[in-house]
Structures are given as C-alpha cells and as structure tokens.
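One structure is given below, encoded as structure tokens.
Where a number appears in this text, it was derived from the coordinates with a stated rule and is not lab data. This is a predicted model, so every value here is computed, not measured. Neighbour counts run over all protein chains shown; Cβ positions are idealised from the backbone, glycine included.
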Number of protein chains: 2
Amino acid sequence: MPKLSPLAPTEFPALPPVPGTVLGGDNCGIRYKHKKDLFLAELAPGSTIAGVFTRSKTASAPVEWCRKALRGGKVRAIVVNSGNSNAFTGSGGVASVKRTVDKAAAVVGCKPREVFIASTGVIGEPLPDEKVTAALAGLRARLDADAWRAGAEAIMTTDTFAKGATATARIGGTTVTINGIAKGSGMIAPDMATMLAFVFTDAKIPAAALQTMLVKANDRSFNAVTVDGDTSTSDTVLLCATGQAKHPKVSGAGDAKLRGFKTALEAVMRDLALQVVRDGEGAEKLITITVTGAASAKAARRIGFSIANSPLVKTAIAGEDANWGRIVMAVGKAGEKADRDKLAIAIGGVRVAAKGVRVPGYDEAPVAAHMKGREIAIDVDVGVGRGQATVWTCDLTHGYIDINADYRT
Amino acid sequence: MPKLSPLAPTEFPALPPVPGTVLGGDNCGIRYKHKKDLFLAELAPGSTIAGVFTRSKTASAPVEWCRKALRGGKVRAIVVNSGNSNAFTGSGGVASVKRTVDKAAAVVGCKPREVFIASTGVIGEPLPDEKVTAALAGLRARLDADAWRAGAEAIMTTDTFAKGATATARIGGTTVTINGIAKGSGMIAPDMATMLAFVFTDAKIPAAALQTMLVKANDRSFNAVTVDGDTSTSDTVLLCATGQAKHPKVSGAGDAKLRGFKTALEAVMRDLALQVVRDGEGAEKLITITVTGAASAKAARRIGFSIANSPLVKTAIAGEDANWGRIVMAVGKAGEKADRDKLAIAIGGVRVAAKGVRVPGYDEAPVAAHMKGREIAIDVDVGVGRGQATVWTCDLTHGYIDINADYRT
C-alpha cells in the first residue's frame, strides 16, 4: 500500500442511502490477498442508466459490453472487479464478460443487458472470472444501503484513498440524493470519460435525459482533469437513477425542474474528478489552470491541457519553481491561436507576465511563497478572444516514477 | 555539469574541414562563467541556406528573424548564444536580435539578412546582447576550419555531451563533405524542426533545392524523435552550402546527381537527432519504436509518438519492466485506426502479443533480459494497413525529475 496522498481529503464523506440502491465490496482473490476487489451494486426494478466510456481504440471487453447494454437504458446490477482490467484479452475476455454478466443476472434476477460491468487493473492478463462468479451470490446476500466506503474501496487499484461524494437537489419540491464513487490515480487523461466512476440517484429520470446530463457534467469534471495524459482502455462513468423519489414527472434534459439536479450532479462529479487528481500517482500539489482570452472554449481547453500535460511545467511545480517560461512554451506548443505579445500569466493570483513580457519590477517573493503550498493556481490569458476553460492536474514527482517503474513487480 | 549520459557516444567524432566554413566557440558571460556560450560560423561569399523552425505559436525573436532572412536564401554568418533563449522578451527581444545581427554583419562584412541567429536557454529573461556584440570581433579573428567541437560545446545547455556528425557524398564524381552539430536534451518534441542543429556542406546547391532536401531529411530525423513531448520556442535547423566543391552543376532537388547527397544528409541529421535522444534529460535507455500495419505513414507516426510520449511506457522501460499492456494503451489512445484483435507486439525481437492477446506459452525471460540493456526495440503491428514509421525516444527516470524540478536554482 503506497503512502496516503498528501492531497487526500481528511476523511471519506458520509454518504446517505440512495433509495433503490444497495451495494457492497468484498475480496474474491483476483490479484490481491486482502484488499477488496469485487464491487456489486443492485438497483431497484425500473432504474435507468446513462454512461460515457473511453475513446481508446483498444477499449476493453467490459467497455464494449456496456456500450451495447446501454442501448436498453435499464440497469439492475453493476459488477466491478479491480486487479485485472480484462483488456487486450481477445475472445477469452469477451467470454469472461459473458459468464460474469449471466451469473450476475441469475443472482439478481434480471436480464443480462441490465447488468453493467467494469474491470480495472493489469492489461493483457486473462481475468480469472470464476473467482468473480463464485463470489457474486454471497456478496449479494450482504449488500446494504450504507456500504459506500466498502464499495469505493473495492474498485481501487493504485489509489491511496477511497473516493466518494454526495449532494442533494430539489426536483419540483422533492429532495433527491446523488451519491458517487470513483477510482483513478494513473493512466488518467483528458478528452474522454476518464477512469471508473459510478453515480447513483433516487430521482426518476428517463435514460435519454440522464445521458444528456451525464455527457455535459462529464465534460466539466472528469474530462477536465489529467494526471499523466495516458488514456485507459477501461474508462467508464455510469449514472443510475432508481426513480424511487416521489417528485413530479420530468419531461427531458431541458426540463426547468432539473436545473438544481444538474448543478448537484456536476458538483458530485467534479468533486470525484478532483479527488482523482488529488490521488494522482506521486502527486504533491493540485494545480488549477484557467485559460481565458482564447479563440473558443475548445481552444482554451486545448491550451489548458497543453500546460497540464507538459512534463516541464509539472516538474517545475514539483520543484516549487515559478518557471513561467515553461508555461509560455506550453501555450506555444498547443497549436491554438495565441498572441505572444498579448499573453498574460498570473501564478497564485500574482501577475507575472503581461503584454508578452515579464511585468516591470516583477517581485518573485509572493509567487515563490505560493509555489510552496499544496494548491497551485495558474491563470493564462492568451489575448485573442473570449474562450475560456479550467482544467486540473497534479505535479510530476519522483513518486510517479517510483510507482510506475515497478508497477508489476 | 550533470553527469555524462550513459548513452553518450564514446567520443566526439573527427569532423574534417568543410571548405568555405570557419567557426568557433567562446565564453562571453551571458549566464555561465566558464562554459562556452557564443558560437560563430562564417561562410564563404555565395553560400546558400535552408532552414526549418519550431511551429510554436510563441516562437522566439531569433526564430522570427531567421524566417524572414531565409527569403534571401544567402548566408555569410551564423551567431548562436546559449544560456538565454531571448524568447518571450517582447519588443526588447526584437531590438536585441537587430543589434546582434547588425554587429555581426559589420564584423563579417555582409548584409544583415545574410546573418542567421539562434538563442537557447532560459525563457523570458532579457538577453544581455551587449555581451554578445562585444565579443563578436574577437571571436571572428580566431575562427578556424577545425573548431567543430568548440562550436558544438558553445551551443550546449543541459546537454551532457557535445554532438557532431559527418558524412561524405559524391556529386557527379566529386566528393563533398557534410558536417553537422546539434544541441538538445529537454523540451524535445516531435512534429517540428526540433532544437538547434547546424549543418554545413561544401556542395554548391541552390537555396530552393537545399530547402526541399532539408524538409525531407528533417522529417526522418529530428522530427522523428521525442524526449518529453515539450516543444521549444527556439527550435532551429539550418543547412548551409558553401559551393566550394567543384562538382557538376545541379539543377534542383530532383537532380539524380543528388541521390547520394540526400542519403548522406539524412544520415548526418539522423545521427545528430539520435544523439539528442541519447542525451535526453535523465535518459538511461534509447528506445526505437517501429510501427507497421497502420492506415498510413502519418497514422503510424502518430501511433509511434503516442507510445514514445507515454509516461507510463517510458517509466515501465526505466524500471526494465516489459509491461506491454501499456503499449496497448498507448496504441489505443493515439486515436488512429487499429484493430485490437489483430494487434501484434514484439520487444527486443521477441513476439509478446499477437492477434490481440498474449502469445500462447509466452516466456518473459528473453524479453526481461532485453529490457536490462541500453537499447530497447519495440515493434508494433496494428493490423489495418501498410503504413509504417520509426520514432526514437528515451526512458523517463528520476534523473528527468532531478534535472527539471530545479533547473533555475
């Protein structure tokens, strides 16, 4: 077990029950002897589901299954194992998914296409799915409405802390709950549904509306973070709505009654996404990068990620060095329109460069003090338009090398 | 001075004179007290020039000057300083370039637009060009035809060894020489003219033909390497032809008499590019990645760079771990067409995966032995077409963090 990230929250939050959802985590011996490695959630009949997945061209067998199952829009069970990603396992991997899904459907008493599955861990090793299927009935018997922390622990791999978040919203006067758990620490990159996250609500929302809201919230949360720019073969975010809350019927994603729900959903997902960055492999500092003045929001985001994924920027921050020249470099390499002679940079709220040069009489002292903190803020205005975006990342430290140079040994 | 790269060549090669070229390197006190930081080359009247430059949107003032001067196609002098990149220095930086160019033109006795200039080092600090201009006349008086090593040393920054390469070619029965020097160690990324390199030949070749040949050779050399995926604001490759060799006239880049010259030019540039990778910051291993079976050469190259820039692949290699699952991941995230179920991977010539799964009876022992060596070969066939490409990179080690977490201190 690696040492706890210095950026970890002080404790796992108190997650209330989400009516219509029971869950649990257990060890079934896939890779670890003691760590929980099997997650099961069971949803009430009638629950709807939305999902976003990795854009990898070598996506895993479980991701392919979920994409297909999502067409039904219904969910009764989610099965997740950690320790083995069942990715790049060929037809054996597909068969393994089928056996797991069939067994879970039998145990829960639903159709296979109401079962969603995710696997995370080593790539390319056959998944010993017999350990999963053998454990499902026993785990199901012990599911309860409060096992959020056990569930979050069961999906962890190199994570140093379990990740959960919760919020409530009102839909037409009725309070609904949104709970989420996530895992992720390395192989975290933007521009896709990143890592594993499972979000549950007791709201009653049709699958299509759920999907629209998930895609949007995902864009502002998981798709706005990066640890190392590497994209997993298994990234999966699922959002389940059990429909147990007694609120007025909602018509679709555009329904005004969902305004508060959307805000709460985005808050839960952003909270989880930031916890993933806070647990970035070897992370010592959480970095918030805000880009303004870009040609478009998309351009701003691309410039933000160019900064966030630059090893030279990330190592400078690890060294507590306000090396803003590297930020200039990263803006330049993004390939998006930027006016070198209007570029402005602030670090920790202190203006460092403006109009394309270092500010006159620049005093590095307050910036150097900011660099010593745990949370670093970088603001860049590229001087060409009104596009803006915020992205989050962590620094690149010796810890990252330690963790990844001998992951399998 | 950081310790010598373990991948360094045993010695600086013996570079013969290139008729029409004299050069030298000296210390003028820009940033370092003792290390040479000023390079000057003087070319015979009538010399032609070609150049390729960074595609950064925040390119430095010297790069902008060279782009303009290149329109004339003539060169009499190249001035390079190390220790300060004169990048992101606003109108002050532009004025600094003008003063340097004017002084060099006066010293050499040529037009300003026959003077090319490059600066490498810290970004965003005003360049003390008075130190450069004060030193030019003295340095010019000491130029000679054999100072290749001194020249190569003068352009170094975090490099741990001076980089030179030479080759000869025959043009219509006459032997010509091609010498090159280069610098670069970090902020090295593909898809542009990377870092600084200066190549000299005594062949007599019109500027337009020279440019065509340079772009092509650059694509297969400097544009095929990466250290950290970060693109400099100052990347510059210049190719000068003094025209002193008495070979038959060449008509253009398509002239059959230039076939041998092109091969030799590419050999010199590839040699220099690989020396840059061998001196990659913190590099312990040189990695050659060959991608075949892609939809196009461009797709193959993009997949190659996705592998070459993946921190997870690079740290696995640093840890001597044949973690081919991360290669699968990097293929998947490249965004190019690949058939997961036809993907084949070999490491050190040993087939590891084929048809989308680990090969039956895979024996990791010979692969593990290969991983302990200094030169790692990765071959990937993505199973969809006939496009292929080779790219080179180095591993990502604690040394990279050490060097970059406190570059300015």
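Descriptive notes on the structure:
- Neighbour-count ranking [beta-carbon atoms within 10 angstrom, fewest first] of A:PHE161, B:PHE200, B:PHE305: A:PHE161, B:PHE305, B:PHE200
- Under 20 Å from a label point set 7 Å out along the Cα-to-Cβ vector of B:LYS298, the amide N atoms of segment B:356-387 belong to B:382-387.
- Using C-alpha pairs under 8 Å with a sequence gap of at least 6, the mean separation divided by the residue count of chain B gives a relative contact order of 18 percent.
- Computed from phi, the 3J(HN,Hα) profile of segment A:137-145 under the Karplus parametrisation 6.51, -1.76, 1.60 (θ = phi - 60°) reads 4, x, 5, 4, 5, 9, 4, 9, 7 Hz, with x in place of Gly and Pro.
- Taking segment A:299-369 and dividing mean pair separation by its residue count, relative contact order in percent (alpha carbons under 8 Å, at least six apart): 25 percent
- Whichever lysines have a C-alpha closer than 16 Å to that of A:LYS372, once near sequence neighbours (fewer than 8 apart) are set aside: A:LYS285, A:LYS314
- Expressed in Å, the radius of gyration and Dmax of the Cα atoms of segment B:225-366 are 19.6, 62.
- Volume per residue of the convex hull around the Cα atoms, evaluated for the protein assembly as shown, comes out as 153 Å³.
- Under 19 Å from the Cα of B:LYS68 - lysines, other chains or at least 8 residues apart: B:LYS57, B:LYS98, B:LYS103, B:LYS111
- Net charge of Cβ neighbours under 11 Å - reference A:THR390; Lys, Arg +1; Asp, Glu -1: +2
- Whole-number D in µm²/s for segment B:1-137 (Stokes-Einstein; Kirkwood sum over Cα pairs; 37 °C, 0.692 mPa s): 207 µm²/s
- DSSP beta bridges in chain A [antiparallel fraction, %, rounded to 5]: 70 percent
- Shielding by partners, peptide A:70-76 (average Cβ within 10 angstrom, other chains): 0
- Distance from the C-alpha centroid of segment A:71-104 to that of segment A:33-60: 9 Å, rounded to the whole angstrom.
- In nanometers and ordered shortest first, the copy-to-copy spacing of the B:PRO16 label point, defined 7 Å from Cα toward Cβ, is 8.6.
- Judged by the mean number of other Cβ atoms found within 10 Å, the most tightly packed of the peptides B:318-330, A:207-219, A:255-267 leads the ranking B:318-330, A:207-219, A:255-267.
- Remark: mean inter-chain Cβ contacts per residue of B:87-94 equal 5, using a 10 Å Cβ-Cβ cutoff to other protein chain atoms.
- Report summary: the helix-based calculation at 222 nm, which adds -39500 (n - 2.57) for every DSSP H run with n ≥ 4 and divides by the residues of the protein assembly as shown, gives -9500 deg cm²/dmol.
- Cα shape, segment B:286-405, gyration tensor, a/c 1.5 rule: oblate
- Fewest-first sequence of A:PHE222, B:PHE88 by Cβ atoms within 10 Å of each Cβ: A:PHE222, B:PHE88
- Tilt relative to chain A, helix A:90-108 - C-alpha long axis, 0 to 90 degrees, to 10: 60 degrees
- Once you reduce segment B:270-308 and segment A:114-157 to the center of their Cα atoms, the two points are 39 Å from each other.
- The overall shape of chain B, judged from the alpha-carbon gyration tensor, is prolate: a/c is not under 1.5, and a/b is greater than b/c.
- Taking every DSSP bridge with both residues inside the protein assembly as shown, close to 70 percent are antiparallel.
- From phi via Karplus (6.51, -1.76, 1.60), per-residue ³J(HN,Hα) for segment A:359-371 in Hz, x at Gly/Pro: 5, x, x, 3, 10, 6, 4, x, 5, 4, 5, 4, 5
- Gyration tensor verdict on segment A:1-70 (Cα atoms; rounded if a/c is under 1.5, prolate if a/b is larger than b/c, oblate otherwise): oblate
- Normalised by the number of residues in segment A:52-111, the mean separation of alpha-carbon contacts (under 8 Å, six or more apart) gives a relative contact order of 42 percent.
- Computed over segment B:90-208, the alpha-carbon pair-distance distribution with 10 angstrom bins reads 10, 32, 40, 15, 2, 0, each value a whole percent.
- Under 5 Å, built H, 5+ apart or other chain: amide partners of B:ILE171: B:VAL176
- All lysines inside 16 Å of B:LYS183 as judged from Cα atoms, apart from same-chain residues fewer than 8 positions distant: B:LYS35, B:LYS36, B:LYS163
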